[in-house]
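The values are calculated or read from the model by the stated rules, or taken from the named source; none is laboratory data. Only a predicted model underlies this, so the values are computations on that prediction, with no experimental measurement involved. Cβ atoms come from the backbone with ideal geometry, glycine included; neighbour counts cover every protein chain shown.
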Number of protein chains: 2
Amino acid sequence: MSVPRIRRSRSAEHVADTRRALLRAARELFAERGYAATGTEDIVAAAAVTRGALYHHFKDKADLFRAVMAECAQEMAERLVAQETARAETNPGDAWQLLRSGFQSFLDACNDAQFQRIVLIEGPAVLGHSAWDALVEEHGYVLLAEALTEAIREGNVDDLPVGPLTRMLAALISEASLYIARAEDHVRAREEAGLVLERLLIGLGRVPGVSPALVTGQS
Amino acid sequence: MSVPRIRRSRSAEHVADTRRALLRAARELFAERGYAATGTEDIVAAAAVTRGALYHHFKDKADLFRAVMAECAQEMAERLVAQETARAETNPGDAWQLLRSGFQSFLDACNDAQFQRIVLIEGPAVLGHSAWDALVEEHGYVLLAEALTEAIREGNVDDLPVGPLTRMLAALISEASLYIARAEDHVRAREEAGLVLERLLIGLGRVPGVSPALVTGQS
DNA sequence: TCCACTAACATACAGTCTGTATGGAACAGG
DNA sequence: CCTGTTCCATACAGACTGTATGTTAGTGGA
């Protein structure tokens, strides 16, 4: 009936260590060589365990990858939330301002090559669309979608469909972060991408006195 | 010295057939099951040859994939160019108008599930960034970048850095096409994504009498 | 304290897949 | 007619994944 509060008193520590070591090693190797080029033997060697431990803790290699990716996404989300809540305390603003600042923070946070390789590059191919989307939905899209909905409610963003808007904005900043990371001159690329992003976002906002139809409308 | 015009008179036909059969089968299977889940044996079985033929025509499995992806990208580019040149003859316009219409055409053309799976999903993970980017550069980015440069020269798009702009716009319409393809209600998703895209593009254009800084500018 | 029982691994093995080496058939050229 | 090359089939070696089996440590109950 009662779930034991502490699983094995002291042995549980060791078990958790094993799992963490596997995650850590896999994360490093997946990010560096990619999923397919990383053998399970490589992972367990780096984690100083055997393949038995791996297949005890995880269903298969893809399951281990899923755990690694979830960890990456989770950490990135936490980092961004912490960043923005801290900023909002000293400099509060509306949801739309928070969103735009969050986007720029994302571009800065995406020095994280592990995140890019694991979540953005390998993820879609390894997990397939549904599983990948479920993970991103859980860790990233919710935040973005909520902020967008709030910004629309506040009237600073036009009443556009949140579903596609969320996906497309996420793709936009993801690509921007990849562009920055791959550029030779990171500083310059960061500025340029930030500028382009800022300009693209203009179209979403409500500009008092200027009807979007005036610009969008065909002849 | 002189390259023979026809390689084997009649045998060349058969050779080309073999190669085409491999490309066709691989394309079908890669798009359906993904790269990793498709064995070389599956491919040659579908092409009615043996693995020997595969490894005679292609360096390895990844090389075959590269050829398949190049074919997909090439065809998509040709389709779009044909579409837009045809449209431009009856209804000519400036480069900016051509671009926006081209984006919308891309959303329509992306019913092509093979293109999405092979070029957008599997490509980056299988080929790695540099090889993937080289292919897309060759078949897709050049067109987009040229049109953007022209639109900027014509003064309809603000003088933004073309490099990041190209990548980010490509990512935008790619994600939009994926969103449409995965949606339950394709028609509705197509409309919504098109709308969001159109709105995002507004920010790039020059609006006479309205300074972007007026909107972008922070307090 | 002793005994079952299970979690947490280690090891051995079987199946699959890739790439290569080898062989042969057809054809071109001298 | 002989030689070389193209084109392809087959056989084989190596690597890798997942599973089945063994082993040890710890836990709960009598």
Check: When you go through A:Arg51, A:Arg27 one by one, which is the residue that is outside the structural domain of A:Glu122 (by TED's automatic domain parsing), without any contact (Cβ under 8 Å) to a residue 60 or more places away in the chain and not hydroxyl-bearing (Ser, Thr, Tyr)?
Finding: A:Arg51
Next item on the list: Residues being in contact with a helix residue (DSSP H, G or I) (Cβ under 8 Å, 6 or more places away or on another chain) and either near DNA strand D (Cβ under 8 Å from one of its atoms) or modelled with pLDDT of 95 or more (or both): count how many of those fall in the stretch B:3-21.
Entry: 4
Checklist line | Matching residues in the stretch B:186-201 - criterion: being surrounded by fewer than 20 Cβ atoms within 10 Å (Cβ to Cβ) and within 7 Å of chain A (Cβ to nearest Cβ) | finding: B:Leu195, B:Glu198
Next item on the list: Test B:Glu71 against the criterion of being modelled with pLDDT of 95 or more and either within 15 Å of DNA strand D (Cβ to nearest atom) or under 30 Å from B:Leu148 (Cβ atoms) (or both), and give yes or no.
Entry: yes
Next item on the list: Please enumerate the residues belonging to the stretch B:43-60 that are within 13 Å of B:Ala25 (Cα to Cα) and more than 6 Å from DNA strand D (Cβ to nearest atom).
Entry: B:Ile43, B:Val44, B:Ala45, B:Ala46, B:Ala47, B:Ala48, B:Leu54
Margin query: I need the full set of residues from the stretch A:175-185 which are among the small types (Gly, Ala, Ser) and more than 7 Å from chain B (Cβ to nearest Cβ), in order please.
Written below: A:Ser177, A:Ala181, A:Ala183
Check: Restricting attention to the stretch B:23-42, and to residues there that are of a type in the set (A, V, I, L, M, F, W, C) and within 14 Å of another protein chain (Cβ to nearest Cβ), which single residue is farthest from DNA strand D (Cβ to nearest atom)?
Finding: B:Ala31
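Okay, residues lined up against (1) within 12 Å of another protein chain (Cβ to nearest Cβ); (2) away from DNA strand C (no atom under 16 Å from the Cβ); (3) under 27 Å from B:Ile180 (Cβ atoms); (4) more than 19 Å from the chain's Cα centre (by Cα):
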position	(1), (2), (3), (4)
B:Ala47	no, no, no, yes
B:Ala67	no, no, no, no
B:Cys72	no, yes, yes, no
B:Glu89	no, yes, no, yes
B:Ser101	yes, yes, yes, no
B:Ala109	no, yes, yes, no
B:Ile121	yes, yes, yes, no
B:Ala147	no, yes, yes, no
Next item on the list: Output the number of residues of the stretch A:149-173 satisfying the condition of being more than 18 Å from B:Ile180 (Cβ to Cβ) and of a type in the set (Gly, Ala, Ser).
Entry: 2
